[in-house]
1. Looking at (1) out of contact with any helix residue (DSSP H, G or I) (no Cβ under 9 Å at 6 or more places or on another chain); (2) within 16 Å of GLU60 (Cα to Cα); (3) part of a helix (DSSP H, G or I), which is the only condition ALA7 fails?
2. For region 38-78, which residues satisfy the criterion of being open to solvent by 60 Å² or more (accessible area, probe 1.4 Å), under 18 Å from GLU18 (Cβ atoms) and touching a residue at least 60 places away in the same chain (Cβ under 8 Å)?
3. Taking region 2-21 on its own, how many of its residues are surrounded by 15 or more Cβ atoms within 10 Å (Cβ to Cβ) and not aliphatic (A, V, I, L, M)?
Amino acid sequence: MITALVAMSIQSKGTLDEIVEKISRLPNVAWAGVVAGRYDIIAEVVCVGGKEDLYRFTTETILAFGHVVRSETFIIMK
């Protein structure tokens, strides 16, 4: 199991609330919120399948939304 924070820059065109709601409902997302600063959304992601699941989440799942411009993943070490 691996836990990470995934920060995302979103091209929302006024639909940021809808996008964060969809992300927060994904099976391995513990929570997601809109933040101020470099990124628009940060989500805590818990992947039971380890880094392979996290890789799939960052390269397939969130990109399927079509609004993620850039993301950065912070793995929780301790």
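The values are calculated or read from the model by the stated rules, or taken from the named source; none is laboratory data. This one's a predicted model, so the numbers in the text were calculated from it and none came from an experiment. Cβ: placed from backbone, ideal geometry, glycine included. Neighbour counts: every protein chain shown. Please note that ligands, DNA and RNA were not included when accessible areas were found on the heavy atoms of the full protein model with its side chains. Shrake-Rupley method; radii C 1.70, N 1.55, O 1.52, S 1.80 Å.
1. For ALA7, the failing item is (3).
2. VAL69, the sole residue that qualifies.
3. Total meeting the criteria: 3.
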